[in-house]
1. Below 13 angstrom from the Cβ of residue C:187, what's the summed charge of the other residues (Lys, Arg +1; Asp, Glu -1)?
2. Nearest 5 is fine: what % of DSSP beta bridges in chain C come out antiparallel, could you say?
3. Which of these, B:72, B:14, B:35, has the largest mean-square fluctuation under a Gaussian network model of chain B (Cα springs below 10 Å)?
4. To the nearest 20 debye, what charge dipole does segment D:4-225 have about its Cα centre, counting +1 at the Cβ of each Lys and Arg and -1 at the Cβ of each Asp and Glu?
5. What's the exposure ranking of C:647, C:7, going from fewest to most Cβ atoms within 10 Å?
6. If you place +1 on the Cβ of every Lys and Arg and -1 on the Cβ of every Asp and Glu, how big does the dipole about the Cα centre of the protein assembly as shown come out, in debye to the nearest 20?
7. What residue among D:147, D:222, D:166 has its Cα farthest toward the positive end of the dipole of chain D, where the charges are +1 on Lys, Arg and -1 on Asp, Glu, each on the Cβ?
8. Peptide A:14-26: average number of partner chain Cβ atoms within 10 Å per residue?
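Where a number appears in this text, it was derived from the coordinates with a stated rule and is not lab data. Note that this is a predicted model, so its numbers are computed, not measured. Cβ placement follows ideal geometry from the backbone for every residue including glycine, while neighbour counts extend to all protein chains displayed.
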Amino acid sequence: MPAYSVVVDVMLKPEILDPAGQAVANALPALGLGPTSSLRIGKHVEISLEADDEAGALAMATSMAQVLLANPVIEDFSVRLA
Amino acid sequence: MPAYSVVVDVMLKPEILDPAGQAVANALPALGLGPTSSLRIGKHVEISLEADDEAGALAMATSMAQVLLANPVIEDFSVRLA
Amino acid sequence: MTATPVLDTVEVASRTPDQKQPYAELGLKDDEFAAITAVLGRRPTQTELAMYSIMWSEHCSYKSSKVHLRQFADLPKGDRLLVGMGENAGVVDVGEGLAVTFKVESHNHPSYVEPYQGAATGIGGIVRDILTMGARPVLVMDPLRFGDADHPDTRRVLPGIVAGIGGYGNCLGLPNIGGEVVFDPSYQGNPLVNALCLGVMPTDRIQLSAARGVGNVVLLLGAKTGRDGIGGVSVLASASFDEDGPARRPSVQVGDPFTEKLLIEACLEMYDAKLVAGIQDLGGAGLTCALTETAAAGRSGMRAHLERVPLREASMEPHEVLASESQERMLAIVTPEDLPAVLAIAEKWGVLATAIGEVVEGDRLVITWHDEVVVDVPPASLADDGPVYERPMARPADLDALNSAALPAFPSVEDLRELVLRMVASPNLCSRRWVVEQYDRIVLGDTVLAWPEDAGVVRLSEKTGLGVALATDGNGRYTRLDPHDGAMLALVEAYRNVAATGAVPIAVTNCLNFGSPEDPEVMWQFAEATRGLAHGCRTLGLPVTGGNVSFYNSTADVAINPTPVIGVLGLFDDVARRTPMGFQEQGESVLLLGDTAEELGGSEWAWAEHRHLGGRPPAVDLERERVLGEVLVAGSRDGMLSSAHDLSDGGLAQALVESSLSGGIGARIVLPTGMSPFVQLFSESAGRAVVTVPRSEELRFTEMCAARGLPCVRIGVTDGTALAVQDVLELPLDELREAHEGTLPRLFG
Amino acid sequence: MTARIGVVTFPGSLDDRDAQRAIRLAGGEPVALWHGDHDLQGVDAVVLPGGFSYGDYLRAGAIARFAPAMASVIEQAGRGLPVLGICNGFQVLCESGLLPGALTRNVELHFVNRDQRLVVESTASPWTSAFEPGQEIVIPVKNGEGNYVASTEVLDALEGEGRVIARYLGRNPNGSARDIAGIRNERGNVVGVMPHPEHAVESLIGTAGTDGLGFFSGLVTTLVAA
Ligand SMILES: Nc1ncnc2c1ncn2[C@@H]1O[C@H](COP(=O)(O)OP(=O)(O)O)[C@@H](O)[C@H]1O
Ligand SMILES: [Mg+2]
């Protein structure tokens, strides 16, 4: 089977507080950077896997995200080919 | 100034151990998912900021990545418009 | 300019004796290279060269310190030492069939490059040292030194280091029961991250590292091997050595505490089932060190098939595999019969286990890479027979001037209230709460005392209350002013801290943090400090069970203050009789034990108020320390003491504040006449402690002190919710607490 | 008759031995359970202990909830088996859907270990039956991801149905919504708490006292009476 590289990005839902993102956003101005109107930090997962085709690879990554990589109570995710 | 959405993805350098990615990769087969030939977990940062133009927005995000978001000793990053 | 990817085998090396070798780039001197060639009877292969360069480095060979460290090995062993210096960590018999092993090690340089991971892997490394001895690790401690508290780089380094120590130790489930946080500009650019671990085992479970038994399997346990931490040897990767010199990779290792936790549980299960014939952790110098040391210790031949090592990156070359400092790995020697059982345990815990070699006849370590011989060496030539130097020494040229520098003028009585408030808030004396709250201090459920107590105390037996106490200390300013006495002062402070809890001090470990050994003035400091420490240990009857030397701690050629960090282990027959440092009851007598002299050279007052470092450090009286220790232990044993707190940095004022705040009870103090209140409150004379005793015990206690010739003065009574010194100051505890607690959150929060 | 209480050890569990000790001190009989076994050995109750299962690298508790032992715990919890998740165990209970909501990173972004004042609210669970409603207790917190979050509807429901078992008093150590330190399911048999009652069971150990013992002695009393 051919190999594919897939990316899953996982972000906290907009209504959930992101203290890490906020801490970075607050630190930036003192470094002469920003301001930002929003800065949020999530996870970026790069996966190499074998599948029959692109659709199969995306489906596999989507299952991984649904089952394990993201917690639907607090997180959204998106899946794409790298 | 117009508003831009920029994404910074931060990954551990390939030669650096990624314990989180490894723990997840090891767990997947038991869940009937995978196998993966590689799975690495980094940070996905979504930033909204104002800049003169796209180039300015990307430059600003790149500075943020260099100064604060990524640790150049162990991490690489990439910047793109959302 | 392109590299030729030809494997540099032993056979190739024999054929090409004149090929240029990059030994200088690898840190080897001309005569060291000549010695290697003489041992081998040919030029080394690239892989052998890498191995010698690592094993003969200062870090691994102790080539500059060896001649001085012999003094510790020569100390009387006492009747508790089961394993002395030389193994991974010394082992001490604590009775009831149990033994403990403990050691402190440095991870200074990696923690500056990458604070979080550097500190984290410092914990991981020392824990494996303890595990290697057969012990279950049960606690950690973290003596730390940073540049000035308000320096911007300290803001980068400190939070990362603290988070890394917590991140690794918490995830391993080891309580952090103490440590140090010291700020001084001499550590700017070179923070000190020392990590201590103690483990406990049944005495019959002690493991040794020797590889013996022809046919036994050499098994690599734990994480895959990657390119992390290859550091200096990465110069070989370019295979060409052009003018600019090859690029060196930063040697950053990333820790995986989860894998280490599994490795611990798997190894302990193997030990309990008596399945391990020899074991060695992989730390600095990775497989190179583990293979050569196990083979050398067993006086065995060994064969390793390097391509069997599970790799994170397939493209790694043999010398990289051997030099890699990837964390969370152990090397076990196992008989073929026991191999299936060992593999089953590894599988149960999800630990990778790979047979990479075997013990063979003869006395050579032969390493192959896909059947080609890349290494063929006598292992002892790497592990034991490295170079030994008697480095030139010179008393620092500025020492006389430093020692005779006059102290700043003392403040007047009216200023003392504000001075106390400033001092308890100063970076070196303020509360460490912001740091220690990031550490799990109670996991395993045996922590009897931890921060902010003088020493950490951990129960070893639920049934009998058998337990240990541990404290670490080191004062770089004192040691700068007098390395011999400074090292003794570090020893006696840790000794006193342990005794203050009621434990009997029984053994010593140490981490000697110094500048460059190639600087004769640093070497003199080192020699003096080891002499002082050895003298102190001999007089107090304590064996040194092990330790670590960290040289090359300097920034732009300016060495750090010489900083021996001394750990003292104490023993409790029953931890239930531990003495806390906080005042416990209202209306108890406050007694000052020991003599106070005007000793403010190198003091915290001189530094915090005036950035003054000069004069002489406090005098050391080892006999007095011993008697004080006996009194503190006897007071605990006979149930006379409600609290005890040793006096050190910041003197009596600091001790009274800490005991008041810790217990939430104030005191009314009346200072003896005849000496200025300032000196009485801030002098740092050694050999002192403040204790409280119930009125009913006072006479018995003071008579015991008198009988032993220990000065004991009643200086007041616990009372109310303020610290009052008659005719000098009155400070409500709330005000003191605010001053004491506010500093670190303000700086780093 | 004595109550047999299982303690599940996952790879990376740390407070499992402590939980066993607490059970013993409360008069129960601790039974060690292994994450890889479906068999719960017929225990009368289960504790999911604190720690960093699977390193907590992805999200705390995310991987542990798939363990074979958890399948049995989920099934038997549905039939009323008392289950207590402490810290990492609470995280596992949320990940597995036995309790609503989720635990996220502490707002101050640090791991925090301190003695914490709590008020016990719901005593309608075997695990909290030893306490009085409104009783103040002190037990240690120690976590990096103890910030309880849930939707407004879920939070309102938890409060409306009296399912908050304890709240933080004084400084909220992790930013938890509405100062929530622990919750229970509708039936009351499943409880998750972020602070560590098993670390407050002996006056000699730590500095928090012995208030935590009630979580275990209440359960033992309930089970023995049943
Ligand atoms: N880095 C640290 N980690 C853990 N505990 C620490 C650390 N630094 C200081 N402590 C603790 O804070 C308390 C005060 O430290 P310190 O003033 O250095 O003690 P002493 O003067 O008695 O040697 C002690 O209990 C010590 O163990
Ligand atoms: Mg002390």
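1. -1
2. Here the antiparallel bridges make up roughly 80 percent for chain C.
3. B:35
4. 160 debye
5. C:7, C:647
6. 1480 debye
7. Looking along the dipole axis, the top candidate is D:147.
8. 4
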